[in-house]
Structure formats: structure tokens, C-alpha cells
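Worksheet for the structure shown next.
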Amino acid sequence: MKAAKVCWGIYRELAHSPGRIEDDRAILKSVGEALAARGFTVELVAADAEFDTHFANIFVMCERGAVLDRLRNAEKTGSIIVNSPDAIRNTYRHRMVELLARHDVSAPASQIVASDAGKPRPPTGVWVKRYDFHATESSDVMYAASEEGWREALHRFAKRGIPFVVAQDHVPGDLVKFYGVGNAGAPMDSNWFEWFYHRDKGMLGYPFEVLCLRRAAFSAAAALGLEIFGGDAIIQADGEPVIVDINAWPSYARYRDRAAQVIADHLTERFQRRPRIVAATRS
């Protein structure tokens, strides 16, 4: 088998899949099976596994910095990695809020605050989130509507050794989830996109244009350099979407079968085309 037809998939770290371990493993396995049906030899490994990364084809769900550093070095030897290590690192919240603002993506006003600081509570209710990874446990995201709640949230993060938080303004409206595969610069019909209302959340039923949500989602993904992504948005009363969060390679649980085929098509094209797409980097 030619090396070009061999690829490696890296599972997400267990700590980064709270309540989603099986779903995360299932989408990577489904993509691996779809790639095998396209003629690839596929190996799925844990994030800390050792393998030859020279000029390799790699698709990844991992997020930890040490693993991303190793993958970034692999890129320098000619490996194709999707999503790229830089793009994954750009989903760390302190980078994400900066890049979304820099690229004029509609997102809630956010500020980075030291968890041990005596900074007063913002004038309105805010979501207090860990500054780096997306939620690894339920207390990684807390709503603070009072000074007491604000102080308690900061204290909890400081006690866990998390030095900074992102304080994100609350935006009223309907919460929706979205999934995407593709590149913002590609023709719209060559990209894949799905959305749905978030379960267990009250819905106001604000009308909106799906095309506007799609454009906002792909603009956010492009700002971070993502090709395989998911996230959350708020549909406001005027129908305009606001991107709340975006992350690399979600579980696609509701659309797993279709997403696996679309992702496999995207990876096949990427592994056969060089050089890779360059992710946005922080200056």
C-alpha cells in the first residue's frame, strides 16, 4: 500500500469529552471506516500514541498543547493534518474571542479576567468560562447575574488553578447548534452545513435566514482556520446570528452517518492536495 493511502486518526482526550466519550469515538471511527471504503489504510490511536508522523496524513480530535506541538512539528516534515494544530489552538477561548473580533465576526462582547483579580462584576449578567479549553466539566461555564455570583465564579476557577476566565456578555435569543465541513472560500454548495435548536433550552421562535447563520458560522471557522467544526449561536430578535462558541471537530451525534461521509470526502481531497490550508495565527 502506498504511503499516500495511509492515514492516522487521533481520538480526543477523555478529559475533553465530558458526557461525549462514546459519541466522540463513534464519529472518528465512522470517518475511519468511510476512508477505508475510499481505499485508505486507517489507524485510529489515542492522543498520546507514538507513530511515524513524517509526511503523514492525519485527522485529529485532540486538543492538548503538548500533542498539538508534536503535530505542528509533523507539519514541518510535510504531514497534512486536519484540523491543523494552529486552528485547534485557535479554539482556545482567549484566542477565539480575539480572532473573532479581529475578523469582525458577530460575537458577544468578551473580556479576559484574572480569576484571582478583584475586578468588579460587569454591569450586566455574564457567562464566566475557562479561558482555554471548551468545557471539560459542567463548572467550566457559569452564569453570574450578581456580584456574589461573580465572586463565587472567579473563586471556583482560581481554586482549580485556572488563572484566567473569559467573561462573555449574555445575549438574549434562541440558542442553536451548528455543524460544518469545508472552507469559507469554497463555493457554498461544496460545503456541508446543518443546524438545530439546542435541546432543553427555551425557544422564543425568532425567524431567521439559515443562509445568514451559515455565513456567520463559516466566517467564524475561517477566522480560526477550521475545516471541520461545530458551535453555538444565538438568534436575536432581529434574526441576526451571534456566534457564541466554535470548536474543532464535534461529535456530530445527530448527523453522524452523513457527517462521516462528508468528512471522509473532505479528507480524501485534502490528503491528495498539497500544500495544506494555512490557519489563522495569533500575532
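The values are calculated or read from the model by the stated rules, or taken from the named source; none is laboratory data. Here the structure is a predicted model, which means the values were calculated and not measured. For neighbour counting, all protein chains shown are included, and Cβ atoms are generated from backbone atoms with ideal geometry for every residue, glycine included. These area figures cover heavy atoms from the full protein model, side chains too; ligands, DNA and RNA do not enter into them. Shrake-Rupley method; radii C 1.70, N 1.55, O 1.52, S 1.80 Å.
Rolling a 1.4 Å probe over the protein heavy atoms gives the chain an accessible area of 46 Å² per residue.
GNM on the chain, C-alpha springs below 10 Å: top fluctuator among SER139, SER17, SER84? Largest GNM mean-square fluctuation: SER139. Any idea how far the Cα center of the range 244-276 sits from the one of the range 142-167, in Å? With the range 244-276 and the range 142-167 each reduced to a Cα centre, they are spaced 34 Å.
Approximating the spin labels as points 7 Å out from Cα along Cα→Cβ, the TYR206-to-GLU137 distance works out to 3.4 nm. For the chain, adding -39500 (n - 2.57) for each run of n ≥ 4 DSSP H residues and dividing by the number of residues yields -10000 deg cm²/dmol at 222 nm.
On the accessible surface of the chain, probed at 1.4 Å, how many percent belong to carbon and sulfur atoms?
Working: 6730 of 13050 Å².
Roughly 52 percent, rounded to a whole number.
What order do you get for 204-217, 244-257 when each peptide is scored by the mean count of other beta carbon atoms within 10 Å, highest first? Before the final figure, lay out the partial values.
Values: 204-217: 15.0, 244-257: 20.3.
Peptide ranking by packing, descending: 244-257, 204-217.
Applying 1/(1 + (r/R0)^6) with r as the Cβ-Cβ distance of ASP48 and ILE112 and R0 = 35 angstrom yields a FRET efficiency of 0.75. Placing dummy labels 7 Å off each Cα toward the beta-carbon, the span from VAL6 to ALA101 is 4.6 nm. I'm spelling it out carefully: the read-out is volume of the Cα convex hull per residue in Å³, the candidates are [x] 131; [y] 220; [z] 160, and one was derived from this structure. Which label? So the structure-derived entry is [x].
Full-extension gain between ALA237 and SER146, please, as 0.36 nm times their residue separation minus the C-alpha to C-alpha distance. Mind dumping the intermediate values first?
Numbers: separation 91, 0.36 × 91 = 32.76 nm, distance 2.50 nm.
Length difference between fully extended and current span is 30.3 nm.
Using a 1.4 Å probe and counting only protein heavy atoms, arrange MET96, MET203 so the residue with the most accessible area comes first. Each step should come with its number before you reach the end.
Values: MET96 0, MET203 115 Å².
Output order, biggest surface exposure first: MET203, MET96.
Look at the alpha carbon pairs under 8 Å that are at least 6 residues apart: their mean separation over the length of the chain gives a relative contact order of 21 percent.
Multiply the residue gap between ARG160 and ASP189 by 0.36 nm, knock off their C-alpha separation, and tell me the result in nm, one decimal place.
Numbers: separation 29, 0.36 × 29 = 10.44 nm, distance 4.50 nm.
Result: 5.9 nm gained on full extension.
The share of alpha-carbon pairs in the range 117-271 lying farther apart than 19 Å comes to 60%.
The long axis of helix 210-224 is offset from the longest Cα principal axis of the chain by roughly 80 degrees.
The C-alpha atoms of the chain define a longest principal axis, and helix 21-37 lies at about 30 degrees to it.
Go through LYS119/LYS159; LYS29/LYS129; LYS5/LYS29; LYS29/LYS177 and tell me which ones have a Cα-Cα distance over 25 Å in this structure.
Numbers: LYS119/LYS159 17 Å; LYS29/LYS129 30 Å; LYS5/LYS29 17 Å; LYS29/LYS177 23 Å.
As for pairs spanning more than 25 Å Cα to Cα, those are LYS29/LYS129.
Which stretch or stretches of the range 138-177 have amide N atoms under 20 Å from the point lying 7 Å from TYR255's Cα along the Cα→Cβ direction? 174-177, by backbone N distance to the label point.
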